[in-house]
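Engineer: Here it is: the structure, laid out below.
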Amino acid sequence: MAEKELTVEELCEGALRRKKDLAKLAENLSGASRRDRQMSATALAMAAKQDPKRVAEVIEALIDALNRPEAQTRWECLDALTELVAVDTRSCEKAIEGADAALFDEDNGPVRLAAMRFLCALGATTANRSDKVWPLIDEAIQCYHGDLEFQDMLVAVIGFSEGALSADVKKELRNRMTFDANNAKGVLQKRADQIVKNTRKKAK
């Protein structure tokens with residue numbers, strides 16, 4: 001009798017309970033099966049939302065998986081890494097190169113959005129990191145203005161604007177969003193205005 005295939009939820013639960021299951025999912029990320037890579041990445045992203053410290057144990061495998069060819073593995077790993085920024089920020093910096101490539105993936109909106117969320121979360125942590133990721137965020141704002149995922153990208157940029165940004169990044173971000181804050185309509189105008197206001201706030 002064939003062994004019952006586990007669901008993503010069951011894989012996630014196993015990883016949270018047992019180190020060997022977590023290690024197996026991490027190993028699968030570099031395996032030959034595209035389906036196993038995708039399922040494992042999805043389970044790890046799910047687990048990272050519940051217990052980021054646990055999943056941080058396999059952060060190197062998540063970063064390496066940003067080089068896989070299929071989009072889903074990459075966006076799920078970026079989602080997991082976004083959750084891990086708060087628990088292992090230094091290691092997450094190693095994912096900037098992979099996130100850069102994902103951010104400008106011309107063929108896949110979810111990959112671009114996941115990369116933007118990760119870079120915004122990472123850049124919000126310190127002034128130095130904001131300087132490091134800002135050129136990528138700035139280029140993406142210009143490239144994807146009006147695209148389907150742009151409104152969701154702006155939600156990530158709002159979070160970025162609330163972070164520990166350098167004075168230069170605050171100024172450049174404010175300049176970038178002022179036109180939309182003054183001239184756009186609806187949700188775009190509201191989000192742009194919120195970003196501009198956030199950049200004017202003094203650090204506590």
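Engineer: What do you get for the angle between helix 167-183 and the principal long axis of the chain? Use alpha-carbon atoms, 0 to 90 degrees, nearest ten.
Structural biologist: 70 degrees
Engineer: In the chain, carbon and sulfur make up what percent of the accessible area (probe 1.4 Å)?
Structural biologist: After summing per-atom areas, the C and S share lands at 48 percent.
Engineer: Sort 87-98, 154-165, 107-118, 176-187 for me by packing, meaning the mean count of neighbouring Cβ atoms within 10 Å per residue, highest on top.
Structural biologist: By packing density, highest mean first, the sequence is 107-118, 154-165, 87-98, 176-187.
Engineer: Moving to a separate point now. What does the extension gain come out to for R200 and T126, with contour length at 0.36 nm per residue minus their alpha carbon separation?
Structural biologist: Residue separation times 0.36 nm, minus the Cα-Cα distance, leaves 24.9 nm.
Engineer: As a test of understanding, state the convex hull volume per residue of the chain from its alpha carbons, in Å³.
Structural biologist: 121 Å³
Engineer: Now for a different question. 222 nm [θ] for the chain, helices only, -39500 (n - 2.57) per DSSP H run of 4+, per residue, to 500?
Structural biologist: -22500 deg cm²/dmol
Engineer: Right, something else. In square angstrom, what is the accessible area per residue of the chain with a 1.4 angstrom probe?
Structural biologist: On a per-residue basis, 52 Å².
The values are calculated or read from the model by the stated rules, or taken from the named source; none is laboratory data. All values derive from a computational prediction rather than experimental measurement. Every residue, glycine as well, gets a Cβ built from its backbone with ideal geometry; the counts of neighbours run over all protein chains shown. Side chains included, ligands, DNA and RNA excluded: accessible areas come from the protein's heavy atoms. Shrake-Rupley method; radii C 1.70, N 1.55, O 1.52, S 1.80 Å.
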